[in-house]
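This report refers to the structure that appears directly beneath it.
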Amino acid sequence: MTGSTGADVAAKATELLRLHRDPQLLRVVNVWDVISAKVVGDIEGTTALATASHSIAASRGYEDGENIPVDEMLGEVARIVAATDLPVTADLEGGYGNAAETVRRAIGAGVVGANIEDQLKPLAEAAAQVEAIMKAAEAEGVPDFVLNARTDVFLKVEERGAEATLEDAVQRGKAFLDAGAPVVFVPGVLSEEQITTLVEAFGPQRLTVIGLPGLPPQARLTELGVARISYGPLTQRVALTALAELTESVREGGGIPEGTRPLN
C-alpha cells in the first residue's frame, strides 16, 4: 500500500497498537453497520471501533460461522471504516478460507486490526496462519497491524475441563505471540485466577477478553494488565432487546421512551 492513504492507515494501526499497549484498559463497543458505528464513535471517550462478524452476518440474514460471503463482510466493514476517523479493527472470523489474503483486502479498505479465530486448528497450522497474516500486513505497509489472534479453546471448556483448557490457551497464545501477533483474544467467561495466569504467561497488555456477564470488573481487569475488552454480538443483542421492548410497549398502548436520543 502506497501514498497518503497508506500512510494514514499505517498511522492508525500504530495508534491502535498504542491503545493496546497503554496500561489503561482499551474498551471497544462492537458495531455492525454505519449508523451503529456513528453512534458509538460519537460518544466522548471512544478511541477505536471494532466490528462484530456475528452481528454483520445477522443483519444481512446469515447464520454466524463464515456463512456470509467474504465480499459482503468486507463491503460492510469498508463502509464502517469510511464513516469514521477512528481506527477500526474488524472481526473476520477464521479468515474465510485464506486469512492472510482476507486481511490484505481488509487493509486495503482501511482496517488496521482484526480478530482471526484459530478454530482449534493444529497448533503449528494456527501459528503459521498468524505469521502469514503479519507478513501480509507488513507487505501492505502496515507493520503495526493489530492482529487479535483468537483461540477458541474456552468455547470447548465443558468437554475438556478448566485446567486442561487453560493450559491449552497459554500454549496457543504464546505460540501466536511468538509468530508475531501483538495480542491474543481468549473469549469465554474467565475467572480472575484464569486471567491472572494468562497475563503472566503472555505479559501485560497482551490479552484481550470479551465482556460476558461474570467477568471481573473493568477496574480489576486494568489492574491485572488486560489490554482490551470488547463485547462481540452482545451489543447488537442489547439494541434488539430495546427494539423488542418498544414493540411490546406499543402493543400495550405505549410509545417511544422518554430520553430517546436523536440520530445525527
- Within segment 224-238, track down each residue that is surrounded by 13 or more Cβ atoms within 10 Å (Cβ to Cβ) and part of a helix (DSSP H, G or I). 224, 234, 235, 236, 237
- Check off (1) more than 28 Å from residue 240 (Cβ to Cβ); (2) more than 14 Å from the chain's Cα centre (by Cα); (3) surrounded by fewer than 22 Cβ atoms within 10 Å (Cβ to Cβ) for residue 41 and give me the number that stays unchecked. (1)
- Query: Taking interchain pairs and intrachain pairs at least six residues apart, which have beta carbon atoms under 9 angstrom, with the first residue in segment 241-262 and within 21 Å of residue 39 (Cβ to Cβ) and the second of a type in the set (D, E, K, R) and surrounded by 10 or more Cβ atoms within 10 Å (Cβ to Cβ)?
  - Reply: 257/245
- residue 46 fails exactly one of (1) assigned to a helix (DSSP H, G or I); (2) within 19 Å of residue 235 (Cα to Cα); (3) not hydrophobic (A, V, I, L, M, F, W, C), namely (1)
- Query: So residue 258 clears everything in (1) surrounded by fewer than 11 Cβ atoms within 10 Å (Cβ to Cβ); (2) at pLDDT 95 or above; (3) in a loop (DSSP other than H, G, I, E, B) except one condition, right? Which one?
  - Reply: (2)
- Task: Could you figure out which of (1) under 12 Å from residue 104 (Cα atoms); (2) part of a helix (DSSP H, G or I) isn't true of residue 129?
- Result: (1)
- Task: Residue by residue through segment 103-120, note down the ones that are in a loop (DSSP other than H, G, I, E, B) and not aliphatic (A, V, I, L, M).
- Result: 110, 118, 119
- Task: Determine which single condition residue 213 fails, assuming it passes every other condition in (1) in a helix (DSSP H, G or I); (2) in contact (Cβ under 8 Å) with a residue 24 or more places away in the chain.
- Result: (1)
- Item | In segment 179-210, residue farthest from residue 150 (Cα to Cα) [restricted to those that are polar (S, T, N, Q) and assigned to a loop (DSSP other than H, G, I, E, B)] | 191
- Give the residue, chosen from 228, 220, 206, 150, that is touching a Ser or Thr at 6+ places or on another chain (Cβ under 6 Å), of a type outside the set (Phe, Trp, Tyr) and touching a residue at least 12 places away in the same chain (Cβ under 8 Å). 228
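The values are calculated or read from the model by the stated rules, or taken from the named source; none is laboratory data. All figures in this text were calculated on a predicted structure; none of them were measured in a lab. When we count neighbours, we look across all protein chains shown, and the Cβ atoms used for this are built from the backbone with ideal geometry, even at glycine.
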